[in-house]
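I have placed the structure first, in the form of structure tokens, so that the comments after it can refer back to it.
Just so you know, all these numbers are worked out from the coordinates, no wet-lab data involved. Quick caveat: nothing in here was measured; it's all calculated off a predicted structure. Neighbour counts are summed over all protein chains in view; Cβ atoms, including those assigned to glycine, are modelled from backbone coordinates with ideal geometry.
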Amino acid sequence: MALFYCLVELCLSARDNLLNMILITSKFLLLIFIISFSLNSYGQSFSIGKMRGEATFSDGINTIALKSAMKLHGPGIVRTKKSSFVRIKIEEQGTLTVGANSRMSIKKEGKRTPALISLLRGKIRAKINKTKTGKHKLLLQTRSASIGVRGTDFLLVYNEKNHITSNITFSGEVDFYKKSDERILESLKEDFDNGNDLALLKNMNTTSVADELSTNKIVRIRKGDFSGAYPTYETPLAPTKISNLQLQILAKEFDVKDIRSRSGVVYNKVLRRKKFKLTNKNLIPEPQGRKVEELLTYEDKIIVSGLSVRPGGVIDLDTGIYVMPPKGSHYDKSTSTYLMPSDYGGVDSGTGDYVPPKNIEIDPLKGFVRWENGVRKQIDKFSKAVTDLFDKYKNMTRVDFLTDLNYFYSLKSYENYYGEYKHITNANSMTFDAGATAGRHIFNNKRYLHYLKARIDMVLYNRRDEPLVQRNDRLITAYGYEFHRKHIVNKRKARFVVDAEFETTYQDHRNRDQFDFYTERSRLKIYEEFNLSRRHINQIGMAVSAFQGHTDDNHGNIIEGFWNNSISTNRPYSFELNFLYSSRIEKKNDNHFNISKAEFVVTRKDIFRKTNLSLFSAYEYHDSQKEVDIDHAKVFDSKLELLRSKGEYLKFKLYYRYLNHNSTGLKNRDFIQQEWGIGSQFIF
């Protein structure tokens, strides 16, 4: 018995020793985790250098007032007030100065990764150390641009009202990318319900910025040049030399004032004095609709190509607008720039900012405005295309709207019944297809989207005397709800989507010149959208539907699975490869109608200006388990489409479609269909 107690005591002691070892090991692992986390946080440390006025730093929870020599740990958001600036040193990266009335977020994930700066409003001046690897040492973004920096001295300006981003490079090089207007609008919509800065900081991602800078749509801004991201432009402005007068003053620090002149404003000196009319036509952005400018001459001919503008202008550091020297300005061969006449203003001798003529201001949305009897009046029209888009940004609502209009000539008419081709006739017809979709963002932030939607589509044929043609006139109405969960996969933006929709089709299937109830479907679609790489977007998901036909016993379920791939390249080509499997289970006759589909799309972008050429090619295999109408069918479908864009919101198209349907079974459904059509899309 004593031996038994000794064994029990020994086991208990061993158990206690084991528990103590586990506890010590856990504490040690926790300590290692805390140390590594602290080291990682230390890798995000910043120090405050010289500053003036008032500035704050917020980590999304707490906000502190900044003081010189203060140490900070990011990520966080820096805000400056009027007549203030703050200089921040980023470890192993360089120094940047945040100007007055600015808001900027900063994040650094580790010593070997570039710091990421998001300029939300205002301007920053940065001096970044040179890199030996050739990789970007600092990444920056605004709502309209992405910027990559190696070893560079530059000034970046962003205006949150007109979403213009302007960059001036003083030494080194800056890689500059202009985001699409569609992307700008999407980011604006995400701000509807962003509650605090914490969500903004969590969603800062260097990978997405690096992906944009790897495309062929960037410009490289070298010493003495400027470029900008302007709404309605698809790419940045071609790098242009700015006024040598402004460049020399701006090359100094923000807080240095060692240039003196009468009244604090300096002007270009021109021997021949002549008058120039002040007009908004010399303010850039110009609409991309015309390639700015004609041949410019002063003894030697200078060709302004692409999206370039007349060199020698001045950047307004508040609005980001480029004030271009007017036609006829004096050309200075020593600097290869035109000299801005004093009729268009001068440059502040201390800050380097643009100073308009007396009683004139630059409004970010209206351009030049004049004060008359205490009232601001626009001197003439700003660019209409730009003004319309600015108004769209300014007055943006939670509502989306899309219309799609098509008018085409076809050799056949038929019904597409959930992917199955029925009621085929040899009668050719002119067909009008009009559709509209409306949606409302009931909640939208960086993490979640709740979206209500509705759509309507109407198809009308002109061969009213043919019953099989007339019966295919139809009206489709639908409404639904989408839930989006935005997250990160592979360091890139992704989203999980749940899409519920109820659809009703009315059709003239009784040939009575009226739309009667024909079929309805309730559908639940679930999918994940993610990027495997910077150029490869995937959608993988499934959908289940319950449908009911025009007779009570014609009902059942539809099960679908799909995989969509979209691949873009640095060359002017993009590709899509899509797969679909669908099974329609009809309870009326216990039949399964299965569809397997593979689709390939190749697009040649900018085959000529703002015009894309796309080739769609698809193969479908239809299999009916019971020979109700057919046994199986093979479908070859191809389409050639020419799409012309007028801005990013209005598109026109010409297309030709060829469809070959071969089937076996009780009914002969073999046919060849050809269509020639025109159409338009409007997206708001």
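Key figures for this structure:
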{"quantity": "From phi via Karplus (6.51, -1.76, 1.60), per-residue ³J(HN,Hα) for the stretch 100-108 in Hz, x at Gly/Pro", "calculated": "5, 6, 10, 9, 9, 9, 9, 8, 9"}
{"quantity": "Cα-projected label distance for L650 with A494, points at 7 Å along beta-carbon direction, nm", "calculated": "4.0 nm"}
{"quantity": "DSSP-assigned coil residues among trypsin sites (Lys or Arg not before Pro) in the stretch 168-222, each with at most 16 further Cβ atoms within 10 Å", "calculated": "K217"}
{"quantity": "Alpha-carbon gyration tensor eigenvalues x 5, square-rooted, for the stretch 499-539, Å", "calculated": "39, 12, 5"}
{"quantity": "Karplus (6.51, -1.76, 1.60) ³J(HN,Hα), θ = phi - 60°, over the stretch 524-536, in Hz, Gly and Pro reported as x", "calculated": "10, 10, 10, 8, 10, 10, 8, 10, 6, 8, 5, 10, 10"}
{"quantity": "Separation of the A69 and K634 label points, Cα + 7 Å toward Cβ, nm", "calculated": "8.3 nm"}
{"quantity": "Exposure proxy ranking, count of Cβ atoms within 10 Å, fewest first, for S227, S146, S583, S533", "calculated": "S533, S583, S146, S227"}
{"quantity": "Dipole magnitude of the stretch 42-237 about its Cα centre (Cβ charges: Lys, Arg +1; Asp, Glu -1), debye to nearest 20", "calculated": "940 debye"}
{"quantity": "Nearest-0.05 FRET efficiency for S83 and T56, computed from C-beta distance (R0 22 Å)", "calculated": "0.90"}
{"quantity": "Additional length obtainable on full extension of the chain from L577 to D363, 0.36 nm per residue less Cα span", "calculated": "72.4 nm"}
{"quantity": "Residue exposure sequence - Y481, Y461, Y338 - by fewest surrounding Cβ within 10 Å", "calculated": "Y481, Y461, Y338"}
{"quantity": "Hz values of 3J(HN,Hα) by residue in the stretch 554-566 - Karplus curve (6.51, -1.76, 1.60), Gly and Pro given as x", "calculated": "9, 8, x, 10, 10, 10, 10, x, 8, 9, 10, 10, 10"}
{"quantity": "Computed over the stretch 502-562: relative contact order in percent, which uses C-alpha pairs under 8 Å that are six or more apart", "calculated": "26 percent"}
{"quantity": "Mean Cβ count within 10 Å, highest first, over the residues of peptides 56-68, 466-478", "calculated": "466-478, 56-68"}
{"quantity": "Length added when fully stretched, K587-F401, from 0.36 nm per residue minus Cα-Cα", "calculated": "63.2 nm"}
{"quantity": "Straight-distance crosslink candidates among aspartates and glutamates, where the alpha carbon sits under 17 Å from K377 and sequence neighbours closer than 8 are dropped", "calculated": "E361, D363"}
{"quantity": "Förster radius 41 Å - calculated FRET efficiency between Q514 and I607 (Cβ-Cβ, nearest 0.05)", "calculated": "0.40"}
{"quantity": "For the stretch 397-683, convex hull of alpha carbons as volume per residue, Å³", "calculated": "138 Å³"}
{"quantity": "Amide H contacts of H555 (H built 1.01 Å from N, under 5 Å, at least 5 apart or other chain)", "calculated": "G549, K587, K588"}
{"quantity": "D343/R220 FRET efficiency (R0 41 Å; Cβ-Cβ; nearest 0.05)", "calculated": "0.75"}
{"quantity": "Sites matching trypsin sites (Lys or Arg not before Pro) across the stretch 483-563 that sit in DSSP coil, with at most 15 neighbouring C-beta atoms within 10 Å", "calculated": "K491, R510, R512"}
{"quantity": "Straight-distance crosslink candidates among aspartates and glutamates, where the alpha carbon sits under 18 Å from K130 and sequence neighbours closer than 8 are dropped", "calculated": "E91, E92, D153, E173, D175"}
{"quantity": "Extreme residue, positive dipole direction of the stretch 397-683, given options N660, Y417, S638 (C-beta unit charges)", "calculated": "S638"}
{"quantity": "Proximal aspartates and glutamates to K274, defined as alpha-carbon separation beneath 15 angstrom and excluding residues fewer than eight positions away on the same chain", "calculated": "D343"}
